[in-house]
Amino acid sequence: MSNKLQATEEQLAYARLLDLGMKAGLLILFVTFLIYVSGVMTPHVPVNDVSKYWKLKVTSYLYILSGIEEGRQAEALDLIGKCDAAGSAKPEECKEIIEKGHKYIGWTWLHKLGKADFLNFIGIAFLAGVTILCYIRIIPILFRKKDTIYAVLAIMEVLVLVLAASGVLKSGGH
């Protein structure tokens with residue numbers, strides 16, 4: 001009797017699709033990054049300005065995005081500076097940073113795909129979704145092998161991941 005462990009059919013199917021999906025996702029990331037840095041498409045935030053915003057909190061960066069969109073980038077930067085310097089701004093002014101920044105959460109990036117820096121989200125979203133595709137791929141194998149419990153668990157996993165990715169569940173302060 002052999003003590004060698006061997007991968008099951010569904011494990012191999014999952015692994016093959018995961019490998020293919022990972023390679024496709026990395027290719028998408030590479031191509032969209034080249035588009036971004038080459039200047040073929042106009043970015044929302046110019047490449048040369050990105051390093052200026054690295055030190056900002058996420059909410060402040062998102063507010064900058066809205067400021068750029070509205071043509072009031074300098075005003076947005078000024079307000080962020082006041083809000084970061086404790087007590088320099090009125091609380092209602094600082095609240096605006098969070099409210100305007102929230103328009104960029106979730107799937108709103110889809111509306112910005114005409115800008116080069118938002119193209120990178122395609123590869124990220126694809127890579128995040130590969131696991132869902134892998135589970136979908138093994139469900140028929142599990143049913144065929146009469147592994148009903150595992151098939152139902154895989155279906156539930158797909159439903160949970162799709163529900164989480166959909167943004168229907170509002171959690172985490174968003």
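Bear in mind these aren't lab numbers, they're just calculated from the coordinates by the rules spelled out. This structure is a prediction, so every number in the text was calculated from the model and none was measured. In this analysis, Cβ positions are derived from the backbone assuming ideal geometry, glycine residues included, and neighbour counts consider all displayed protein chains.
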message: Give me the mean projected area, in nm² to one decimal, of the convex hull enclosing the Cα positions of the range 1-62.
response: 8.0 nm²
- line: Full extension between residue 75 and residue 152 adds, at 0.36 nm per residue less the Cα distance, a length in nm of 22.4 nm
message: Between residue 95 and residue 15, what is the label-point separation in nm under the 7 Å Cα-to-beta-carbon projection?
response: 5.6 nm
